[in-house]
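Since the structure comes first, as C-alpha cells, the remarks are kept for the end.
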Amino acid sequence: MKTLLLILVIFGGAVLLRGQDTLKLQAIEKEIRAVMASGGSDMLKFATSYDSIAALGSNNLYKGKGQNFLGMSYHLAGNYEQAMNYYFKARDLFSKAKDNFYLALSLNNIGACMEYKRKPDLSIEYYKKALILFEKEQNTTWVANVNNNIGVQFIESGKLDSASLYHYKAYEQHLKNGDTLSTSILVGNLAELEGKAGHEDKALELAQVYLNKYKDYHQLDVLSNVYSVMAGAYQKKGQLGKANEYNDISLKIRNEQGVSLHHIANNYLVRSEIQQALGNNKAALEALHVYRTMQDSVFRADRDERITRLSSEFEAKYKNLELTHEKTRTEALLYEANVRKRWYLAVAITIGLLSLLLWYFYRKRTEYKNRILHADSEIQKQQITDLEQKNQLLSLSAVIEGQESERMRIARDLHDGLGGLLTSVKAHFGSISHEINQLIELDVYKKTNALIDEACSEVRRIAHNMIPHSLQMHGLEGALTDFESLISKNGITPHIEVFQVDLKNISENNAALIYRVLQEVIQNIIKHAKATEITIQFLGHENGLNIQVDDNGKGFDINEVIHAKGMGLKSIESRVKYLHGVIHFDSRIGHGTQVNIELPPSIFTNKV
C-alpha cells in the first residue's frame, strides 16, 4: 500500500517582517528545496541556519517554519522522536500566528512520525486534525493526500471499512483535481484494499481500471501489487489458471525491480498454494521451499533493521545533546555528567530491549517452523488421500466394467440363445397348426401363440434395456431415438437438443455409461416426477461435454433425497465419478428438477 506525500511542507514565499532578514530566509528556503530534491543529506545544516535567523525576530510564522525544517531534518534521518519535538514546537508557533495552513502541515507531519513509530491510532488522531484545517482552507490537494494517509493507517489497524471510506474520498478528490499520478496510486491502493476485504470482483474491476488507464506510468511497485491482487482474487474465485498467470507476472516484475523479499516470498507462497490446488504437489513443495528460505532472510533482515534503527536513534539523541550543550563550558560539564547517567541507562534499556526482541524473534521463528511442519504434514496427508481416491477409482472402474461386460453377455445370450429358441418353437408350433383343428376349435392354439409372441417381445425388451441395438450400431447419437420413444410412450413430450458436439466421437464404453446414467435419470422422472415435458441438452465445449436434463414435474427436497441415497442415485453418481465427471441436482417442490452433468474431454477416448 503506497502512502502519498507525507512531509512535503515547503511552500510559497515569505511575508516581509520587521527586524528580520527576510531575503536571507528566502535564500535559505530555496537551498532547502534543492537539498530536499537531491535526497536531504545536508538538510540539518540549512535548517539550523534558517532557525537561527528566524529566532532573532518576533514573527511566529517564520519561527514555526524554522522549527518545522529542523523536524524535517530529523524525520528524514529516521530520528522520529526528535523530529516530533520540533514539530510540536512548530505547531504551537503556527497556532499563535493563526496560520491554519502551516498548522495543518505540522499536524500532518506529527501524524507521519506516529505512522513510522507504528502507532496507527495516534497517527489517525493527528491526521484528522490536519484534515479539518485543510478542509477549512479548501486546499483540495492536501485534503485528498490526508484522506489517503488516514486510510493507510486504518488498514494497519485492520479496520478495512474505515480505510475504504477514506481511500474512496481521496480517490474522488484526486479525480476532481486532475492529479493523474496520485489517482493512479489510489486505484492500485483501492484494488489491494478490496482484495484484503474479500471483495474479489471489485478488486479485479479496479485492477483492470489501473491496467487500462495507468499502466504506462511505469510505477512498477504499484503494478506488481495490482497483478498480485488479481492473482489473489482469481485464486479465491477458483480460477487457478489465471491466478497462476498473474502471480507469475507479479513475481517477474518484483524480481526485476528488486523489491523487498517479503513481497517476493508472498508470491512463492501463493504459487505453492495454487500448485497444490492443481494437484502439482512437486511444484507446490518447490515453491514452498523457496518461500521458507526467503522468509528466513526476511526475518533476519527485519531483526537487523530494528537493531540498526534503535542504535541510530540512540546515537542521534546522544549527538543532539552534545550539540545543544556546547553553548557554555559550565553547562557542558554539567550535561556530561547527566549524559553518562543517561547513556548507561539507555545502554541498559537497549540491551533489555534487544534481549526482548531476540526472545520475541526466536519465539516467532519457532512458531513459523511449527507452521511449516504442519503444512508439510497436511501436504503428506493430501497425497495419501489422493492415492486412496485413485485406488477407489480403480476399484470402481473394475466393478463398472465388469457390470457392463456382464450386461452385454446376458443380452447376447437372451437375444441369440433364448430368443432364437422361442422363434424355433413358434415356427414348429405353426407348422403343426393345420393338423390340430380340434385344438384350434378349443382356442388353445391362439392363446399359446400369443404367449410365445409375448415371450419373444419380453426377451427383446430385456436385451434392449441391457444393451440397446441402436447404441451398438450408431453410438450415443443413435440411442437418442430410444429415449424419445421411451418418453413419448409414457405420455411425456420429449425435447432433445445437441449443440457443438458430434456424439459419434464418444468412445463405445463411455457412450454406454452415459446411456445408463440418462436411462436411470429418465426412468426416475417417469416414475416419480409427474412431468409433461422433458428436455435433454448436449453442449460441447473446450473443457469437455455438458449434459442437462430438465423436467416440469413436481420436484423434490434435495437434502432429503441426497441423505437417503437410494440405489438409483448411487448408480448415477458412481458412473459419473468413473467418467471423472461432476453431477449437480437442482430441484424445489412444485418447480421441477434440473440435473446437470459436466464430463471432461477424456470421454472422447477409450480412457477415462
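The rows are residues; the columns are (1) out of contact with any Gly (no Cβ under 9 Å at 6 or more places or on another chain); (2) β-branched (Val, Ile, Thr).
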site: 532; (1), (2): no, yes
site: 535; (1), (2): yes, yes
site: 538; (1), (2): yes, no
site: 556; (1), (2): yes, no
site: 591; (1), (2): no, no
> Do the conditions hold for residue 106, that is, is it surrounded by 17 or more Cβ atoms within 10 Å (Cβ to Cβ) and under 23 Å from residue 163 (Cβ atoms)?
Replying inline: no
>> Cβ-Cβ distance below 8 Å, separation of 6 or more or different chains: which pairs start in the range 90-102 with a residue that is under 15 Å from residue 137 (Cα atoms) and end on one that is of a type in the set (D, E, K, R)?
In response: 100/136; 100/137; 101/137; 102/65
> So which helices (runs of 4 or more DSSP H) stay within the range 490-608 end to end and still have 2 or more residues that are acidic (Asp, Glu)?
Replying inline: 508-524
>> Just to be sure before I move on: is residue 342 of a type in the set (Lys, Arg) and within 29 Å of residue 300 (Cβ to Cβ) in the structure I sent?
In response: no
>> Against the conditions (1) over 20 Å from residue 603 (Cβ atoms); (2) open to solvent by less than 60 Å² (accessible area, probe 1.4 Å), where does residue 557 fall short? Just the number, please.
In response: (2)
> Failed condition for residue 528, given (1) at pLDDT below 90; (2) of a type outside the set (A, V, I, L, M, F, W, C); (3) touching a strand residue (DSSP E or B) at 6+ places or on another chain (Cβ under 8 Å), with all others met?
Replying inline: (3)
>> Given the criteria more than 21 Å from residue 254 (Cα to Cα), without any contact (Cβ under 8 Å) to a residue 12 or more places away in the chain and in a helix (DSSP H, G or I), does residue 202 qualify?
In response: yes
>> Checking the structure you have, find out if any residue of the range 119-136 is open to solvent by 30 Å² or more (accessible area, probe 1.4 Å) and β-branched (Val, Ile, Thr).
In response: yes
> Looking only at the range 162-183, which residues are over 16 Å from residue 209 (Cβ atoms) and buried (at least 21 other Cβ atoms within 10 Å of the Cβ)?
Replying inline: 163, 166, 173
> Right, residue 261: crowded, with 16+ Cβ neighbours inside 10 Å and more than 19 Å from the chain's Cα centre (by Cα) or not?
Replying inline: yes
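So that you can scan it fast, the table gives a plain yes or no per residue for (1) open to solvent by 10 Å² or more (accessible area, probe 1.4 Å); (2) over 18 Å from residue 509 (Cβ atoms):
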| residue | (1), (2) |
| --- | --- |
| 524 | yes, yes |
| 535 | yes, yes |
| 547 | no, no |
| 592 | no, yes |
| 601 | yes, no |
> In the range 587-608, what residues are of a type in the set (D, E, K, R) and within 17 Å of residue 530 (Cα to Cα)?
Replying inline: 588
> Going by the structure shown, is residue 355 part of a helix (DSSP H, G or I) and under 25 Å from residue 281 (Cα atoms)?
Replying inline: no
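The values are calculated or read from the model by the stated rules, or taken from the named source; none is laboratory data. Please read these numbers as outputs of a predicted model, since none were measured by experiment. As a convention, Cβ positions derive from the backbone with ideal geometry for all residues, glycine included, and neighbour counts pool all protein chains shown. The accessibility values were calculated without ligands, DNA or RNA, using every heavy atom of the protein model including side chains. Shrake-Rupley method; radii C 1.70, N 1.55, O 1.52, S 1.80 Å.
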